[in-house]
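Chemist: Before anything else, here's the structure in question.
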Amino acid sequence: MTSLLNPSRPPFFCPGCSHERVVRSLDKCFQHLGLSGNQIAIVTDIGCSGLFDTFFNTHALHGLHGRALTYATGLKLACPGLTVVVIMGDGGLGIGGAHVLSSCRRNLDLSLLILNNFNYGMTGGQCSATTPAEASTASGFLGQLEAPLDICAVADAAGATWIDRISADDAALAERIGHALTHNGFSLMDIMGICPGRFSKRNRQPKKLIAALSERFEKRGTPERHSSREEYGEAYRKRCEQAQPVRPMRPISCTSAPAEPATLRILFLGSAGQRISTAAEILCLAAMHGGLYATQKNDYPITVLRGHSISEVIISPFPIGFTGIKSPDIILALSEEGVERRKDTIGSAAPSSLILQVSEIVIPDTKARLIRVDCTALQAAKNQRALALLAMLTTTQLTVNAELLRRALEHKFKDDQLEEALALVERARSSAG
Amino acid sequence: MATPRFFIDGNEAVARAAAKSGCRFFAGYPITPATTIYQHMLSLLPPSGGICLQGEDEIASLGFCLGASMAGLKAMTATSGPGISLFSEQISFAIAGEIPLVIVDVQRLGPSTGSATRGADSDIQFLRWGNSGGLPVIVLAPVNGADCYNLTCHAFNLAETFRCPVFIASNKEIGLTGEAIAEDALADIEPLNRAGYDTHQSEAPYQPFAPSADSMVPPFLPIGGEVLVRQTSSSHGPDGFITTSPETLEQGIGRMRAKLISHRNELALYRIDADPEAEILVIVYGVTARAAEECVRGLREQSQRLSLLVVHTLYPIPEKLLREEIAKVSRVIVIEMNLGQYVREIERFSGETTVEFFGKMNGELISPDEILRVIKP
Ligand code: SF4
C-alpha cells in the first residue's frame, strides 16, 4: 500500500519532537492494515498533536480541546464501517477526562492515541495532568503539588478493553498501534514522548524523568489489559432491532354534543405521589372528548414522591391563551401540602365556586361551596383520590359528565388499570347517590 | 364537527416534529425541564433505525451530534439554561464548521442553575451571543404546542438549508404544558436536505467550505464517504486547512455571516394581529404571547385600538418587519419573561418612537392583567 501522508503538508514540529515519529508510525500502520484514506477518519483536538489530521490524506475532524472523543463517538455510530482514530495530547486528556472515562466504559470501537509529552507544548510548557512532580514546568511550583495521572490504571478501572503504554521511540510503535486499531472496541494507548521545544528546555534529562515515572507506574502492576466485551455499536444495533415502535399521537375526536360551553378553571391541589398530573390530564382528555379545548399547567418541586403537586386545568369551547389560574371555578383539594401553596386562593374563592375536598384534610375558611369526599369509605388509595374527586365532579353537572370521563380513561389506560379506574368512578358516583 | 385534536405538551411536539423532519440522531443529558424531549426521542429513534444517546455531560451530547451531523445525519439536542452554558464551545464549532444542527432550549428561570421547574425566557441573548466570534444564528420562539411542532420542522429545514445551528427558544411553560392541539394546526412541512456536492461536477479536489456558484452555503459531503472531507473548528480556507491569510479569513467569515443576514427579512416567521387604526403596538414572543393575546382581545372589546406582533424568528432580527410595524404607531410596548433582552433589539429599529418595556423574572407567567396595567397605567 502507499503512504497516506499528505505530500503537500509534511509533518511540522520542533526538531526532535516525538510527535513526528508517531505520525510516521501511524502511517506505517495504516499501510500495514491496507486501509485507504476514505476508510479512516482522524479526529483531533487542540495543541501540537491537534495538527495530526492535516498531515494525512484521510477524513479529518478537528475540534475543541479535549472533545475529540465526543465527535468521534457520533461519527462512529453513524458510520460503523469507518476506522476512527482519535489523537489527543496530555492536555486533551486532562480537560476531556470525563469523555475518556465514558469512552472506556462505553467500548465503542474507537482508538485513542494519547500523545503524552508531560506538558502543554503549544502554550509554553505548563504542567498537565501527567507531569511528574519532579519535573520543572512553566507552571512553577503548581505542577509539583499534584500527583501525575496514570491513565492506564484509570482506564483499567473504567473498564477499557484495550490499554497499552509505550514509548514513542519504541521500535514496535507502528505494530502496537496496529493492534489497538484492529481491536474491536475502545482502545487507549498512552504514548510517552519528548517535547524538546518546551519540556527538555527546563528538564535536563527528560528521558530519565519519564523512565522513572513509567517504572513507578509499572510497579503498581501491569497496566496493559486486553480483554473483550461486546462492542458498543454492535450491542446498540442489536437492541434497536428489538425496540418496539412507539405509538403515533392519538387524535381525540368529539363524537358527542359539546360539554358545558363555558370556560372553566380547575385547580388541583395535592402532593407528589397522588397522581395529580395524571388526573388533570384525564380531565383534559374528557373535556376534549366533549369537543372542548384544554390546557394543563403543572407546578411541582424537583423532588419526586415528596412535596406539592399542583395542576391548573382550563377547559373552554375557545382556544386557550393564558394558562395560569388566578380565580378558579373549581378546586380539588387533595392534600394540605398542596392547599398550603394556594391558601390565599381558597380564602378568596368566590361563593359561586366549588371546592371538592378529601374529607380528612383541613382547608382554610372559604365562602365557596364545599363538597367533602370520604375517600376511605370509597376505598380510594392515596394515588386514586384525585380520580375519585374527578368522579364526584361528574355528578355536579358543572363540567364533564360520566360518559366523557369514561372515554378519557379508555384513552389513557388499558387492561387492569382501566378496570380499576372505572370501578372507582362507579363507587364514587354511586356514593353521591 | 371539530377537527380531531391531540393532547400533548410542547416537548412531545418537538420530538414528534423532529422524527417527522427526518432527525436520525439525538444526544442529550437529562435536565429539567427538557428531559422529556430526550425521553421521547429515546422511544422514537431506536425502533426506526435512528440513534439516541445520553452523553456524559452536555458538552459530550452536543459533540456526539456534531460528529453524527458531519456523517450526514440530521441531529438534534435539547437542554435548558445550565446546559446551554456548557454547550457554548460546541455551538461555536457548529457555527464555524457550518454543521447543521437543531438545539432546543426549554428555558427555565436563571440566573445560573436557577429554578429547574420554573419558567422564564432567560437565555434569549445568550442564544444569540453565546458563541465565540459573534456570528449570527437562527433562533425561533414558539408560543404553544403547535408552534413547537411547526417551528421544529422549520428549524430542521433551516439548519439543512443554511448549514448552521438553529435554536428553538422554548420555555418550561410551553414544554411541560399539555394542551389540545388541532390536528390541522400541525403544518405538513416538507423536510429538506442539505445540498450535496456533485462529485461529477469537477476534477478538482472537493473543497468542504467552498460555496457553490448560486449559494453562499457550501455543498455538503459526509465524513466517511468516498471523497475525503475535512472539518475543523480552527480558522480555515475553503479547503478546510488552517490559514491565517487575512483575505481568505475575511471572505470565509464574511460569507458565514452573510449567508444568514442577507436572508434576515425572508426568514421572518411571525403573527401579526393588526388594527389599521392602532396607536399602540404590543410586541411579544414565546409563552408571554398567550397572555398578550388575551389582553388585546379584552381591550378591543373596550374599543381600544391596538396591534399585536408575535415574533417567532427572533434571530436573524426581522428588521424590515419591525421597522414597518413600529412606523405605524406612536407607542411600542415590549413584554418579556425576563428583565429585558429582546427589547434591546427592538429599540435599535424604533427610530423616534420610544419603546416601553415590562418584564418579570420570578418564576411566574406574566398575566393578561399585568400587561393590561402596562398598556393602560
Ligand atoms: S512544542 Fe513540543 S510538542 Fe509542540 S512541536 Fe514543539 S516539541 Fe513538539
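Chemist: Of the residues that make up region A:284-292, is at least one out of contact with any Pro (no Cβ under 9 Å at 6 or more places or on another chain), more than 10 Å from chain B (Cβ to nearest Cβ), farther than 30 Å from residue B:45 by Cα and loosely packed, with under 15 Cβ neighbours inside 10 Å?
Modeler: Within region A:284-292, not a single residue is out of contact with any Pro (no Cβ under 9 Å at 6 or more places or on another chain), more than 10 Å from chain B (Cβ to nearest Cβ), farther than 30 Å from residue B:45 by Cα and loosely packed, with under 15 Cβ neighbours inside 10 Å.
Chemist: Check A:5, A:101, A:64 and return the single one that is within 14 Å of another protein chain (Cβ to nearest Cβ), within 22 Å of residue B:222 (Cβ to Cβ) and away from the ligand (no atom under 16 Å from the Cβ).
Modeler: A:64
Chemist: Answer yes or no as to whether residue A:159 is in contact (Cβ under 8 Å) with a residue 12 or more places away in the chain, more than 16 Å from the ligand (Cβ to nearest atom) and either assigned by TED's automatic domain parsing to the domain that holds residue A:230 or among the small types (Gly, Ala, Ser) (or both).
Modeler: Here the answer is yes, as residue A:159 does meet what is asked.
Chemist: Only one of these conditions is not met by residue B:191: (1) farther than 24 Å from residue B:272 by Cα; (2) more than 14 Å from chain A (Cβ to nearest Cβ); (3) in contact with an Asp or Glu (Cβ under 7 Å, 6 or more places away or on another chain). Which number is it?
Modeler: Of everything listed in (1) farther than 24 Å from residue B:272 by Cα; (2) more than 14 Å from chain A (Cβ to nearest Cβ); (3) in contact with an Asp or Glu (Cβ under 7 Å, 6 or more places away or on another chain), residue B:191 misses just condition (3).
Chemist: Which condition breaks for residue A:26 when tested against (1) within 16 Å of the ligand (Cβ to nearest atom); (2) touching an Asp or Glu at 6+ places or on another chain (Cβ under 7 Å)?
Modeler: Every listed condition holds for residue A:26 apart from (2).
Chemist: Which of the residues spanning region B:55-78 are more than 10 Å from chain A (Cβ to nearest Cβ) and more than 21 Å from residue B:133 (Cβ to Cβ)?
Modeler: Passing the criteria: B:74, B:76, B:78.
Chemist: How many residues are within 14 Å of the ligand (Cβ to nearest atom) and out of contact with any Ser or Thr (no Cβ under 6 Å at 6 or more places or on another chain) if we restrict to region A:193-206?
Modeler: 7
Chemist: Any idea which of B:191, B:219 is closer than 30 Å to residue B:4 by Cβ, in contact with a Gly (Cβ under 7 Å, 6 or more places away or on another chain) and either at pLDDT 95 or above or of a type in the set (Lys, Arg) (or both)?
Modeler: Values: B:219 fails: closer than 30 Å to residue B:4 by Cβ.
Result of the check over B:191, B:219: B:191.
Chemist: Which residue, of B:95, B:84, is within 16 Å of residue B:163 (Cβ to Cβ) and more than 10 Å from every other protein chain (Cβ to nearest Cβ)?
Modeler: Result of the check over B:95, B:84: B:95.
Chemist: Right, something else. Only one of (1) within 16 Å of the ligand (Cβ to nearest atom); (2) within 22 Å of residue A:128 (Cα to Cα) fails for residue A:55. Which number is that?
Modeler: Result: residue A:55 passes all but (2).
Chemist: Follow-up. Of everything in region B:164-188 that's open to solvent by 10 Å² or more (accessible area, probe 1.4 Å), touching a helix residue (DSSP H, G or I) at 6+ places or on another chain (Cβ under 8 Å) and part of a loop (DSSP other than H, G, I, E, B), which residue is farthest from the other protein chains (Cβ to nearest Cβ)?
Modeler: For region B:164-188, the residue satisfying everything is B:187.
Chemist: Can you pull out every residue in region A:1-35 that is open to solvent by 40 Å² or more (accessible area, probe 1.4 Å) and of a type in the set (S, T, N, Q)?
Modeler: Residues satisfying the conditions are A:2, A:3, A:8, A:31.
Chemist: Moving on. Any idea which of (1) buried (at least 18 other Cβ atoms within 10 Å of the Cβ); (2) within 14 Å of chain A (Cβ to nearest Cβ); (3) in contact (Cβ under 8 Å) with a residue 40 or more places away in the chain is the one residue B:271 doesn't satisfy?
Modeler: Condition (1) is where residue B:271 drops out.
Chemist: Out of region B:18-49, which residues are small (Gly, Ala, Ser), within 21 Å of residue B:150 (Cβ to Cβ) and either away from chain A (no Cβ under 11 Å) or in contact with a Lys or Arg (Cβ under 8 Å, 6 or more places away or on another chain) (or both)?
Modeler: Once the filter is applied, which keeps residues that are small (Gly, Ala, Ser), within 21 Å of residue B:150 (Cβ to Cβ) and either away from chain A (no Cβ under 11 Å) or in contact with a Lys or Arg (Cβ under 8 Å, 6 or more places away or on another chain) (or both), region B:18-49 yields B:18, B:21, B:22, B:34.
Chemist: Name the residues in region A:207-230 that are surrounded by 14 or more Cβ atoms within 10 Å (Cβ to Cβ) and within 16 Å of the ligand (Cβ to nearest atom), would you?
Modeler: Residues satisfying the conditions are A:209, A:210.
Chemist: Considering each residue of region B:285-304, count those that are under 21 Å from the mean Cα position of the chain (by Cα) and either of a type outside the set (A, V, I, L, M, F, W, C) or surrounded by fewer than 24 Cβ atoms within 10 Å (Cβ to Cβ) (or both), and give that number.
Modeler: Number satisfying all stated conditions: 4.
The values are calculated or read from the model by the stated rules, or taken from the named source; none is laboratory data. All figures in this text were calculated on a predicted structure; none of them were measured in a lab. Because the Cβ atoms are built from the backbone with ideal geometry, glycine has one as well, and the counts that use them run over all protein chains shown. Quick note on the areas: whole protein, heavy atoms, side chains included, nothing else; ligands and nucleic acids left out. Shrake-Rupley method; radii C 1.70, N 1.55, O 1.52, S 1.80 Å.
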